[in-house]
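Note sheet for the following structure.
No lab work stands behind these numbers, since they all come straight from the coordinates. This one's a predicted model, so the numbers in the text were calculated from it and none came from an experiment. Glycine also receives a Cβ, built like all others from the backbone with ideal geometry; neighbour counts cover every protein chain displayed.
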Amino acid sequence: MRSISIPLKLINLQDDGYHLLVEVVVFKATRLVVLDTGASRSVFDKALIEQHLAETLQVSEEINAATLFTTTTTIQATIPELKIGSLKIKNYETVAFDLQSVSDTYEQFGHPPISGIIGGDILMQYKAVIDYNKMILKLYK
């Protein structure tokens, strides 16, 4: 089993504690996402998904992803390629939420906006190990 090491960025959200950010490449652009071990699955920002995949979206009234953020409508889409470090995930089935308020909060604290959340589906599948001392995420293929 080969491991992939991805650098993490630790940010302090004042009274909200710490969040880990990781760079991913989606739609051929590097974006920051939150690493969230409490999220059952990974999600991406609705505006980002709509911008790139408007013609292929499926809207559902069910809530398919349990994260810190709630919604009454989920949008399902397939991202052609998601890269996390050297890991390439082809045709990643995702759910999109409106993450604008989260990005706004980050920006209020002087942090960059975020485009998504990496959650338990990816972390479990690739046997993620978070090394807080070295600030790296290890994924195993």
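Over region 3-140, with a single point scatterer placed on each C-alpha, what log10 of the ratio I(q)/I(0) does the Debye formula yield at q = 0.10 1/Å?
-0.31
Past the 20 Å Cα-Cα mark, which pairs from 28/141; 28/138; 9/141; 90/134; 90/127?
Where the Cα-Cα span goes over 20 Å, the pairs concerned are 28/141; 28/138; 9/141; 90/134.
Of the chain, which part is the longest with no GluC sites (Glu not before Pro) in a loop (DSSP not H, G, I, E, B) and with at most 12 other C-beta atoms within 10 angstrom?
Longest gap between qualifying sites, sites excluded: 63-141.
If you place +1 on the Cβ of every Lys and Arg and -1 on the Cβ of every Asp and Glu, how big does the dipole about the Cα centre of the chain come out, in debye to the nearest 20? List each step's numbers first, then the result.
Details: 13 positive and 16 negative charges, 195 e Å.
Using Cβ point charges on Lys, Arg, Asp and Glu, the chain gives about 940 debye.
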